[in-house]
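> Before I ask anything, let me first share the structure, which is written out below as C-alpha cells.
Derivation of every value follows stated rules applied to the coordinates shown; laboratory data play no part. Not measured: the values here are computed from a predicted model. Note that each Cβ is placed from the backbone with ideal geometry, even for glycine, and that neighbours are counted across all protein chains shown.
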Amino acid sequence: MTPPMFESVLIANRGEIALRVIRGCRELGVRSIAVYSDADAGAPHVRAADAAVNIGPAPSSQSYLLGDRIIEAALSEGAQAIHPGYGFLSEREWFARAVRDAGLVFIGPPAEAIAAMGSKTAARTLAVAHGVPVVPGTTESIADAEHAGEIASKFGYPVLLKAAAGGGGKGMRVVREPSEIAGSFDAARREAKNAFGDDAVYLEKYIEGPRHVEIQIIGDMHGNMVHLGERECSVQRRHQKMIEEAPSVAVSPELRAEMGATAVRAARAAGYVNAGTCEFLLARDGSYYFLEMNTRLQVEHPVTELVTGIDLVHWQLRVASGEPLGFAQEDISPKGWAMECRITSEDPANDFLPSTGRVSYLHLPSGPGVRWDGGIEIGSDVSLHYDPMLAKLIVHAPNRELAVERMHRALSELVIGGVETSREFHLRVMEDSEFRAGAIEIQWLERRLASLTTDAGTEDGAMLAALAAALLAESESGVRGAAPSQRESAVSAWQRAARQESIG
Ligand code: ADP
C-alpha cells in the first residue's frame, strides 16, 4: 500500500528553486509554505505558496540560514516536511538532523549521508574503499608546506590544492612548479580558513582539459536506487557552471551505464536516499574520476527531467514520504537533448560584475520545447543579498544541433530590463563554432571568454538591442497592456530599427 503523501511542506529557500518546489507540491496536492526575509516580502515565491512566514531581515545569516527559526515556522504552520532546495541549509548535516529531531521529514538524504559526503577527504576515502575511481592524490589533509612539496613531487606537477571543506570552487589552487608549492599551500590554507572556518587542505593531480560530467541518482527507503544518466557541465567560469546539458557528447551508452553504476555504488556506500548527484571529471582518454557528491537537488536538474521524463521534485517528495520508486533502471534512457543557460544578474561586458536594480521589463520566451524556471517578475528588486542567478532558461529538442538552435531562438525572445544579465553572453556561446561542435572541456570558457564578451555584437545583436529598446520605451511610457493603437508605436519602432538594420 502506498503511504500517504505529505499534507503540507515548508520550502526553506527563495527564488526560482522555491517556485520550482512549490509547483511540484501543488501538482501533488500538497499545501506549500514559503519562508521569506524582509527583502523578499513581495517576492513571487511568497505569493505562489499557500502560506508564507517571515523569518527575518534581508541578510541570509539572519533569515534563510536560521535553521531553528525555519523549523519553528514549519511546526507552527503544521508542515510535516521541509524541502531545503539548494544552497542555504540544503547540505548542512546539523539542519537535516534538527529537522528529524523536531519530528519532521527532511526532503533529502539522511543526515549521516550528508556527513559521509560532506568533507571532500571523507568522500574520497569512502569512494576508494568502494572501488570508485578518484583523482590520484591524498585522502588525508596535509600538515605543512614541506609535506605538500613531497607529495606533489610524488604525483608529479601540475597539482591542485583543495580545501577539504570546499565548495563553489573556493580554496582551490593549481600549482605548476615546485617553487610555487609552499606559497600556494599557505595561501590555500588561509583561503579555506576564511571561507569555511576549516583550514584542512589536500592535494590532487591536476587533470588537463577534462569534462565535468555528473550523474543524477535517486533512491528510495526500500533499497531501490537508479541513475538517471549524465549531465555535461563543462562550460564553467571560475569553477562555476554556466551552461549544462543532457546527455553529453562524450558519453556513450556503455560509458553511461558504467559511470551510472559507479555513482549508484558511491551513493549506496554513503547510505543515500532521495535525489543526489555524483560529480566526475571525464579525462580526454576516457578515464573518469569521482570528485564529490552533491547531497541535494541541483540547479541543473531540469535537463535531466526533460530527457528522462521524470519529475525529480515529485519523486523527492514521493520517496521522502516513503513511497517506493516507480521506475527501474531499465526504464530510463535519455530522449532528445536538453540544455540550460543560467541567467544571472551579471554584466559579461564588465567581467561579470554583479548588477543590481529593479526589473523594469520582462518578456519571457515560449513556444515549442522551452521551459523557464525563474524567480523574478516586473518590479523585482535584484540586490546583492542573494545569489545573482535570476532564472534558468531550459530547452528540449530532438538532438543537440536543434537544442542549440532552439536555445538561441529562446534567448533572442528574452528581454529583461532594469538589470544587466548574462543573456547576450549565452547568445554568443550558442553561436560559437567550438561550442556548437561540442568541443568543450572545463577550461574551454576561460580560454574563449575574451571573444565571447567583447562588444562585437551577436548575429542578431543589433536587432535585439532595438527590440529591447522599443519594449523598454513601451514599458516606461506605461503603454504595456494599453490599446493596440498605442502599442503599435513601440512595435513599429522595432520594425523601423529592423529595416534600418537590413539596409545598413
Ligand atoms: P567545488 O566543491 O569547490 O565546486 P570541485 O571539487 O567540485 O569543487 O571542483 C570544481 C571544479 O574544479 C570542477 O568542476 C572542475 O572544473 C575543477 N577541478 C576539480 N578537481 C580538478 C582536478 N583534479 N583537475 C582539474 N580540474 C579540477
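> Residues in the stretch 317-341 near a label at Asn399, defined as backbone nitrogen under 17 Å from the 7 Å Cα→Cβ point?
334-339
> Using the Karplus equation 6.51 cos²θ - 1.76 cosθ + 1.60 (θ = phi - 60°), what ³J(HN,Hα) coupling, rounded to whole Hz, does each residue of the stretch 108-115 give in order, writing x for Gly and Pro?
x, x, x, 3, 5, 6, 4, 5
> Counting each DSSP H run of 4 or more residues in the chain as -39500 (n - 2.57), what helix-only mean residue ellipticity at 222 nm follows after dividing by all residues, to the nearest 500 deg cm²/dmol?
Helix-only estimate at 222 nm: -11500 deg cm²/dmol.
> So what is the relative contact order of the stretch 227-267, in percent, for Cα pairs below 8 Å that sit 6 or more residues apart?
The value is 42 percent.
> For Cys25, what charge total do you get from the other residues with a beta carbon under 11 Å from its beta carbon, if Lys and Arg give +1 and Asp and Glu give -1?
Taking every other residue near Cys25 into account, the sum is +1.
> Taking 60 Å as R0, compute the FRET efficiency from the Cβ-Cβ separation of Glu254 and Asp50 and round it to 0.05.
0.80
> Let me ask you something else. Going by a ≥ b ≥ c, the root eigenvalues of the Cα gyration tensor, does the chain fall in the rounded group (a/c under 1.5), the prolate group (a/b larger than b/c) or the oblate group?
oblate
> Would you please state which residues of the stretch 22-38 a label at Thr2 would reach in this model, taking the label point 7 Å out along Cα→Cβ and a backbone N cut-off of under 18 Å?
24-31
> Mind giving me the nanometre distance, one decimal, between the label points for Arg358 and Glu446, set 7 Å out from Cα along Cα→Cβ?
Result: 4.0 nm between the two label points.
> Another question about this same structure. Under a Cβ-Cβ cut-off of 11 Å, what is the net charge of the residues other than Arg14 that fall near it, where Lys and Arg count +1 and Asp and Glu count -1?
-3
> Computed FRET efficiency, Cβ-Cβ of Lys205 and Asp381, R0 51 Å: what is it to the nearest 0.05?
After rounding, the FRET efficiency stands at 0.70.
> In percent, what relative contact order does the chain have, based on Cα pairs under 8 Å that are 6 or more apart in sequence?
It rounds to 13 percent for the chain.
> Please work out whether the stretch 196-268 counts as rounded, prolate or oblate from its C-alpha gyration tensor, where a ≥ b ≥ c are the square roots of the eigenvalues and a/c under 1.5 means rounded, while otherwise a/b larger than b/c means prolate and anything else oblate?
It comes out oblate by the Cα gyration axes.
> Also, quick follow-up: Gain in length, Arg284 to Ser333, computed as 0.36 nm per residue apart minus the alpha-carbon separation, to one decimal in nm?
Difference between extended and current length: 15.2 nm.
> Taking amide hydrogens as modeled 1.01 Å from N in the peptide plane, which residues meet the under 5 Å criterion relative to Gly229, leaving out close sequence neighbours?
When sequence neighbours closer than 5 places are left aside, the close amide H contacts are Gln216.
> Sticking with this structure for a sec: If you find the alpha carbon centre of the stretch 325-345 and of the stretch 1-67, how far apart are they in angstrom?
24
> Amide H neighbours of Ala58 under 5 Å, counting only residues 5+ apart in sequence or on other chains, H built in-plane at 1.01 Å?
So Ala58 has HN proximity to Asp38, Ala39.
> Right, next: How long is the stretch 322-374 along each principal axis, judged by its Cα atoms, biggest number first, in Å?
The Cα atoms of the stretch 322-374 stretch 47, 27, 23 Å along their principal axes.
> So, one more: Skipping prolines and chain starts, which residues have an amide H placed within reach, meaning under 5 Å, of the one on Gly166, given they are 5 or more residues away or on another chain?
Distant-sequence amide H within range of Gly166: Lys120.
> Report the extension gain between Ala58 and Glu140 in nm, rounded to one decimal, defined as 0.36 nm multiplied by the number of residues separating them, less their alpha carbon distance.
Net length gain for the segment: 25.7 nm.
> At a threshold of 8 angstrom on Cα-Cα distance, excluding pairs fewer than six apart, so keeping six or more, what relative contact order does the stretch 275-392 reach in percent?
19
> Can I ask one more? Residue by residue through the stretch 395-410, what is 3J(HN,Hα) from phi via Karplus (6.51 cos²θ - 1.76 cosθ + 1.60, θ = phi - 60°)? Round to whole Hz and write x for glycine and proline.
10, 9, 8, x, 8, 5, 4, 5, 5, 5, 4, 5, 5, 4, 4, 5
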